[in-house]
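Reading through the C-alpha cells given below for one structure.
The values are calculated or read from the model by the stated rules, or taken from the named source; none is laboratory data. Computed from a predicted structure; not experimentally measured. Cβ atoms come from the backbone with ideal geometry, glycine included; neighbour counts cover every protein chain shown. Please note that ligands, DNA and RNA were not included when accessible areas were found on the heavy atoms of the full protein model with its side chains. Shrake-Rupley method; radii C 1.70, N 1.55, O 1.52, S 1.80 Å.
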Amino acid sequence: MSDIAVVLPDGSELGVPEGATLEDVAYEIGPGLGDDTVAGKIEGELVDKATPVSDGDRIEIVTDQSDEYLSVLRHSAAHVFAQALLRLYDDAKLTIGPWTEEGFYYDITGVDLDEGDLREIEDEMQEIVDADYDIERVVYDREDAVAKYEDDNEYKLDILGREADEAEVSFYEQAEFEDLCQGPHVESTGEIGAFRLLNISSSYWRGDEENDTLTRVHGTAFEKESDLEEFLTMREEAKERDHRKLGQELDLFSIPTVTGPGLPLYHPNGKTILKELEEYGESMNEEYGYDYVETPHLFRTELWKQSGHYDNYVDDMFLLDVNDEEYGLKPMNCPGHATIFEQNSWSYRDLPVRYAENGKVYRKEQRGELSGLSRVWAFTIDDGHLFVRPEQIESEVNDIMAMINDVLETFDLDYEVALATRPEKSVGGDEIWEKAESQLESVLENANMEYELEAGDGAFYGPKIDFAFTDALGRKWDGPTVQLDFNMPERFDLSYTGEDNEDHRPVMIHRALYGSFERFFMVLIEHYDGKFPLWLAPEQVRILPISDDELGYAHRLKNDLEDAEFRVDIEDRSWTLGRKIREAQDDRVPYMLVVGSDEAEAGTVSVRDRKEREQQDVELDSFIDHLSDERAEKREEPDFLD
Ligand SMILES: [Zn+2]
Ligand SMILES: [Zn+2]
C-alpha cells in the first residue's frame, strides 16, 4: 500500500509508505542500491539516509559512486579532526565544521594553535582513521542536547536555539566523540582514505565582525592517496599563479591601503586587458541588438526604496547625506535601467528592449572577507537588462545562452548549467512562474543542454539559469547568470500597450556575460598563469635588438607593427641577449623579435615565443599576417611556430 509518492531523478514517481526514509526508498528501488546508500538528497539538499521523505519530494540517492560522496567523506574528516583536537587539547571548544569546495574546515576556540601543531593533530587523526570507528547517528530530545552544552559551549547552544522548532536533534558519534550535526556521514572513520590539514586562518562566529573571533583550521580529504597528491600539486600551482602575486609582478593592478580596502586601481597593463574584454562584450551586445545606456554611481535612496534594495540590502550599501537628503552608491544597475524604460511609453512592437551598461557598483562587504580582486567594494558588471513580453522569454534567453557559450568557449572554460526554480518565498502569480520555468526548461532542452535542477534555489523575483565554469586548475567558479524578474516591473509600474490596446507588464531579464569584470579578470590571470592570449596581452610583441646598431631597424619594425595596431615595445637596455629574453619570458610577452645585423640587412626577423619555439628569417609581412589571424581568433597558444 502506497501512501505517498516521491519523484526520482529521471522524473518518474515512486510510491512509498508514509514515514519512509531515504534508505527505505533506496531499498524500494532495488536491494543493491539500498545496501550501497550513504546518504541522499531531498529537493537538492544533502541529508542523512535516515531522513523521512514527504509526498512530492524530489529525491536522489547518494552512494560512494556519487559526486556528493566526497562532500560526505570530507564532513566526516572534519569530525575526525574535531575528535583528535579534543583528545589533545582539553580546553578546545568546537563551533561549526562544514565541508567546502576544497575540503572542510572547523571553527574552534579555547586553544591557541599554530601551523606547527597541525602535524601532531594529523597523527592523532590517523589513529582514529586506522581504528575504523563506526559513525552513528543518534537522536536526542532538545532538552537533553541543551544539557550537553549548557556548561561549556555557548556556540552549540546558539545553534540549538536557532533550530528551536524541532523537538529532536541529531548527533553523530564515533568512539568517545559526539557532535551536534545534521550529517550525513560515511559509515566508519576508516573510509577516509587520505587527508591533510592545510592551514589556519581566523574567522568570526556566524561570519559577523561584531562576534567572537574564532580559529579556523582548514583541511581536505579524499578516498585515495593519489587524489590527495594531485590536489596538493594543484594547490601549489594555484599559489604560484595567485592573481595578487601576478598582479604585482606583471604590473596589472594594486589595492593600496591609502585608497581604501577593496578598491582596486588598474594600472595601464591591467586596463589594457579590461578594455579588450569590454570591447569583446560590446561587440557581442551590438550583434544581439543591445543599446548602451549610462547611469551615475549615486542615486537618491528614494530609488532604492522603490526597487526594494533599501529594505533587503541596506546593510551592504554605502549611504551618504547631501543637503539633508539621503543618497546611496548603487549596489546594482537594474533600478537605473528600469527607470530609463519607465520614462517612455512602449508598444508591444517595440519589445524586446535591451539595455547594456558596464556599470560600476559598490557593495560594503565585511572587511575580513575582502581578498584581492575576488571580493571587493567596487566592481564593474557587464550588465544587461531586457524588457520583454512573456512569450519572448524563450527566444531571448536562447540568445543570451548563445552569447554566454561564446564567451566561455573563447576562454576555454568548461561549464555546467543549473536551473534554479521558485523558492518558498516569492513574488508573482503561479501562472507566470509556471510559464517562465517551463520556458527556461524548454530552452535548455532544445539546446540539448545537460543541466542540474536546483529546485527552490531561484531568486524570490524569478527563476534563473546559472553557469559555473572550471578553470585550468580544475577549480569551479560561479559564472554568468540569466535571471527572470517579475518583481521589479511591478515595483516600477512598467508597462507596454499590447495588441489588445490594454496595458501589460513586461518581464525583466537580468544577464551578465562576465559577471563582475574584477572577478573574471582574477580568474583569467590565474587560469592563464598570466600568459594571456595574444588579443589580451598588454604587450604583444617585444623587439630585442642584439646591439645598439640595430636600434634604427627596431624602430622601423615597431612602426610597422603599430600600424597594424599591435602593442609593441623595444628592449633597449644594454643587456645581453640572454637576459633580454629571460626578462621578456618573465613578463610573459607572447612574441619576441630578435634582430641582429643579419636580420637588419635582409629586412627579416627571428621570432621566438613564450614556449621557446623559434623561427628565423621570417618576413615581417608574413609575421604580421600570422599575428593578425591569432588576434582575430582570440585563441590560446596557436601553433604558429613549431
Ligand atoms: Zn558534523
Ligand atoms: Zn540586474
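Things to note:
- Pairs where the first residue, in region 5-16, is within 12 Å of I61 (Cβ to Cβ) and the second is among the acidic types (D, E), C-beta under 9 Å, 6+ apart: V6/E13; V6/D55; V6/D57; L8/E60; P9/E60; L14/E28
- Total residues in region 280-319, condition of a type in the set (D, E), under 23 Å from the mean Cα position of the chain (by Cα) and over 26 Å from Y461 (Cβ atoms): 1
- Residues in region 338-371 that are polar (S, T, N, Q) and buried (at least 19 other Cβ atoms within 10 Å of the Cβ): N358 alone.
Residues are listed down the side, and each one gets a yes or a no for (1) out of contact with any Phe, Trp or Tyr (no Cβ under 7 Å at 6 or more places or on another chain); (2) β-branched (V, I, T):
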{"site": "H385", "(1), (2)": "no, no"}
{"site": "E391", "(1), (2)": "yes, no"}
{"site": "D399", "(1), (2)": "no, no"}
{"site": "A402", "(1), (2)": "yes, no"}
{"site": "D406", "(1), (2)": "yes, no"}
{"site": "T410", "(1), (2)": "yes, yes"}
{"site": "P423", "(1), (2)": "no, no"}
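- Output for region 306-326, where each listed residue is open to solvent by less than 90 Å² (accessible area, probe 1.4 Å) and away from ligand 2 (no atom under 14 Å from the Cβ): Q306, Y310, V314, D316, M317, F318, L319, L320, V322, E325, E326
- Selection within region 463-500 - open to solvent by less than 10 Å² (accessible area, probe 1.4 Å) and either within 16 Å of ligand 1 (Cβ to nearest atom) or closer than 17 Å to L419 by Cβ (or both): P463, I465, F467, F469, P480, V482, L484, D485
- Of all residues in region 501-516, those satisfying the criterion of being in contact with a Phe, Trp or Tyr (Cβ under 7 Å, 6 or more places away or on another chain) and open to solvent by less than 20 Å² (accessible area, probe 1.4 Å) are P506, V507, M508, Y514.
- Strands (runs of 3 or more DSSP E) (entirely within region 1-65) containing at least 1 residues that are at pLDDT below 90 and not assigned by TED's automatic domain parsing to the domain that holds G193: 45-48
- The helices (runs of 4 or more DSSP H) found entirely in region 151-257 that carry 3 or more residues being within 30 Å of D112 (Cβ to Cβ) are 154-162, 225-240.
- Selection within region 68-85: residues that are over 14 Å from P184 (Cβ atoms) and not β-branched (V, I, T). The member of this set that is nearest to ligand 1 (Cβ to nearest atom) is A82.
- Residue in region 327-334 that is modelled with pLDDT under 95, within 15 Å of ligand 2 (Cβ to nearest atom) and not in a loop (DSSP other than H, G, I, E, B) present: yes
Residue-by-condition table, conditions (1) within 16 Å of ligand 1 (Cβ to nearest atom); (2) farther than 18 Å from K634 by Cβ; (3) not assigned by TED's automatic domain parsing to the domain that holds K476:
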{"residue": "R511", "(1), (2), (3)": "no, yes, no"}
{"residue": "F520", "(1), (2), (3)": "no, no, no"}
{"residue": "D548", "(1), (2), (3)": "no, yes, yes"}
{"residue": "L551", "(1), (2), (3)": "no, yes, yes"}
{"residue": "H555", "(1), (2), (3)": "no, yes, yes"}
{"residue": "A564", "(1), (2), (3)": "no, no, yes"}
{"residue": "E571", "(1), (2), (3)": "no, yes, yes"}
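- Of the strands (runs of 3 or more DSSP E) lying entirely inside region 380-479, those carrying at least 2 residues that are more than 22 Å from G56 (Cα to Cα) are 414-420, 464-470.
- Residue within region 273-284 that is free of Cβ contacts under 8 Å to residues at least 40 places away in the same chain and under 28 Å from L73 (Cβ atoms) present: no
- For region 102-112, taking the residues that are in contact with a helix residue (DSSP H, G or I) (Cβ under 9 Å, 6 or more places away or on another chain) and open to solvent by 20 Å² or more (accessible area, probe 1.4 Å), the one that is modelled with the lowest pLDDT is identified as E102.
- Candidates E565, E583: the one that is under 30 Å from R354 (Cβ atoms), without any contact (Cβ under 8 Å) to a residue 24 or more places away in the chain and of a type outside the set (S, T, N, Q) is E565.
- Restricting attention to region 72-115, the residues being assigned to a loop (DSSP other than H, G, I, E, B) and more than 32 Å from the chain's Cα centre (by Cα) number 7.
- Boolean, T63 is touching a helix residue (DSSP H, G or I) at 6+ places or on another chain (Cβ under 7 Å), away from ligand 2 (no atom under 16 Å from the Cβ) and not hydrophobic (A, V, I, L, M, F, W, C): yes
- N312 within 26 Å of G515 (Cβ to Cβ) and touching a strand residue (DSSP E or B) at 6+ places or on another chain (Cβ under 6 Å): no
- Criterion (small (G, A, S), open to solvent by 10 Å² or more (accessible area, probe 1.4 Å) and within 17 Å of K611 (Cα to Cα)) met by exactly one of G552, G578: G578
- Number of residues in region 251-265 that are open to solvent by 20 Å² or more (accessible area, probe 1.4 Å), touching a helix residue (DSSP H, G or I) at 6+ places or on another chain (Cβ under 6 Å) and over 17 Å from K364 (Cα atoms): the value is 1.
- Candidates in region 116-150 are the residues that are of a type in the set (A, V, I, L, M, F, W, C), surrounded by fewer than 17 Cβ atoms within 10 Å (Cβ to Cβ) and in a helix (DSSP H, G or I); of these, the one that is farthest from the chain's Cα centre (by Cα) is A147.
- Considering region 383-395, and only residues there that are modelled with pLDDT of 95 or more and open to solvent by less than 10 Å² (accessible area, probe 1.4 Å), the residue that is farthest from T257 (Cα to Cα) turns out to be V388.
- Test result for L85, hydrophobic (A, V, I, L, M, F, W, C) and in contact with a helix residue (DSSP H, G or I) (Cβ under 8 Å, 6 or more places away or on another chain): yes
- For first residues located in region 612-635 and touching a residue at least 24 places away in the same chain (Cβ under 8 Å) and closer than 18 Å to F532 by Cβ, partners that are open to solvent by 100 Å² or more (accessible area, probe 1.4 Å) and of a type outside the set (F, W, Y) and lie 6+ apart or on another chain with Cβ distances below 8 Å form the pairs R613/D642.
- Pairs are defined by a Cβ separation below 8 Å, a sequence spacing of at least 6 or placement on different chains, a first member in region 302-330 that is at positive phi, and a second member that is open to solvent by 50 Å² or more (accessible area, probe 1.4 Å) and of a type in the set (K, R); the pairs so defined are G308/R491.
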